[in-house]
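> Mind looking over this structure? Questions follow.
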Amino acid sequence: MEEKIDIRDLTPEGLVDFLAGLGKEKFRAGQILRWVYKRGVTDFASMTDLAGTLRDDLSQRAFVSDWSPEHVETSSDGTRKYLFRLKDGESIETVRIPMESGRTTLCISAQVGCAMQCDFCLTGQFGLTRNLSTAEIVNQVCAALKDGPINNIVLMGMGEPLHNLDHVVDALQILYAEAGLNFSSRKVTLSTCGLVPEMLELGRRIKVNLAVSLNATTDVVRDRLMPVNRRYPLAQLMAACRDFPLRPQQRITFEYILIRDVNDSLDDAKRLVRLLHGVRAKVNLIPYNEHSGSRFAAPLAATVEAFQKYLLSRDIVAIRRASKGQDISAACGQLKGRLDKSGFTD
């Protein structure tokens with residue numbers, strides 16, 4: 001028997017093509033998308049403005065996946081971390097972050113594990129198991145929406161989004177679709193460690209805010225922290241950033257994790273200013289989040305302040321990102337690692 005198709009795996013255009021194969025009209029795609037994404041209906045029999053024959057055909061050939069987290073941890077600051085168990089037994093994490101403005105940001109994953117092996121990242125220690133499907137990316141958002149509205153989405157969870165480019169672009173199309181989840185592209189940010197060809201391909205294929213995980217100002221240090229730099233060193237990475245298409249007033253965000261005595265010196269701040277020359281940029285300064293077994297240490301508060309002060313004095317927009325969820329397993333991979341190790345199941 002032919003395997004059923006998950007409707008959440010289909011972009012709006014893909015759903016049109018699927019329905020055409022059933023001999024159905026194009027406008028039916030919009031109806032189905034609204035049932036699935038606007039009303040949260042996953043049972044075709046309940047989609048009452050579809051003809052009975054179409055509902056029967058859909059029930060035989062397709063389904064709508066519907067996720068609930070296996071485990072949730074909630075921080076005293078309101079940060080909520082979800083662990084989702086996938087159908088093959090693997091797990092991923094998603095984090096719901098309340099902002100001081102009263103708005104909510106959702107951090108979603110793109111892969112099970114990660115192949116990039118960044119030295120400071122717990123997820124990289126798992127290695128890469130597989131890419132997430134389009135539906136698995138979209139379902140993180142749909143599940144989190146059950147807990148209330150989401151204002152911003154960041155692809156900064158487990159995995160390297162550009163290592164799963166096709167499924168990520170398809171998921172973005174569903175997020176942006178008016179009949180889908182209807183997020184503005186201005187409210188979605190994708191973070192990459194610096195896969196240069198895929199960065200440029202992303203810019204050609206779809207609009208999204210770009211964040212680059214930089215974390216060093218010399219190739220020597222970045223080679224050690226982020227092995228991807230050996231393929232695409234800083235000169236190539238920064239050239240790709242200058243070529244990335246930006247809307248008026250849009251900036252590339254550079255994420256800079258400050259690690260004590262590794263990349264947090266005033267000389268690093270000075271080199272960072274030189275690196276960003278010619279790029280419409282803002283910098284997120286992120287004090288390293290220590291975890292069990294880590295070889296690195298968080299920077300001193302005075303060091304972070306001096307680093308930021310220097311950037312600001314050179315007209316670089318530099319924001320210190322407040323650490324959220326420190327009383328739960330908040331860093332990427334911490335919840336998965338702890339629960340998988342303990343064999344936790346609900």
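What follows is calculated from the coordinates using simple rules that are stated; it is not laboratory data. The shown structure was predicted, so the numbers you read here are calculated from the model rather than taken from an experiment. In this analysis, Cβ positions are derived from the backbone assuming ideal geometry, glycine residues included, and neighbour counts consider all displayed protein chains.
> Name the residue, out of 139, 182, 209, whose mean-square fluctuation peaks in a Gaussian network model built on the chain with Cα pairs under 10 Å.
For the chain, modelled as a Gaussian network with Cα springs under 10 Å, the answer is 182.
> Helix-only estimate, please: 222 nm mean residue ellipticity of the chain, summing -39500 (n - 2.57) across DSSP H runs of length 4 or more and dividing by its residues, to the nearest 500.
The helix contribution divided over the chain gives -9500 deg cm²/dmol.
> Let me ask something else about it. Could you work out the local net charge near residue 135, counting Lys and Arg as +1, Asp and Glu as -1, over the other residues with Cβ closer than 11 Å to its Cβ?
Around residue 135, the charge tally is -3.
> For the pair residue 61/residue 312, report the inter-label distance in nm, with labels modelled 7 Å from Cα in the Cβ direction.
6.0
> With springs connecting C-alpha atoms under 10 Å apart, model the chain as a Gaussian network and identify which of 24, 81, 187 has the largest mean-square fluctuation.
Maximum among the listed residues: 24.
> Report, in degrees rounded to the nearest 10, the 0 to 90 angle that the Cα long axis of helix 234-243 makes with the longest principal axis of the chain.
50
> Taking R0 as 30 Å, what FRET efficiency do you get between residue 247 and residue 270 from their Cβ-Cβ distance, rounded to the nearest 0.05? It would help to have the intermediate numbers written out before the result.
On the way: r = 30 Å, r/R0 = 0.99.
For residue 247 and residue 270, the calculated efficiency is 0.50.
> Would you mind checking the tilt of helix 301-313 against the longest principal axis of the Cα atoms of the chain, expressed as 0 to 90 degrees and rounded to 10?
The angle comes out at about 90 degrees.
> Hey, could you pull the Cα Rg and Dmax for the range 93-227, both in Å?
Expressed in Å, the Cα Rg and Dmax of the range 93-227 come to 14.8, 48.
> Return the inverse of the average 1/r over all pairs of distinct C-alpha atoms in the range 5-63, which is the Kirkwood hydrodynamic radius, in Å to one decimal.
Mean inverse Cα-Cα distance, inverted, gives 11.2 Å.
> Subtract the Cα-Cα distance of residue 185 and residue 321 from 0.36 nm times their separation in residues, and report this length gain in nm to one decimal.
Numbers: separation 136, 0.36 × 136 = 48.96 nm, distance 2.19 nm.
Roughly 46.8 nm would be gained on extension.
> Can you tally the net charge around residue 35? Count Lys and Arg as +1, Asp and Glu as -1, for every other residue whose Cβ sits under 13 Å from the Cβ of residue 35.
+3
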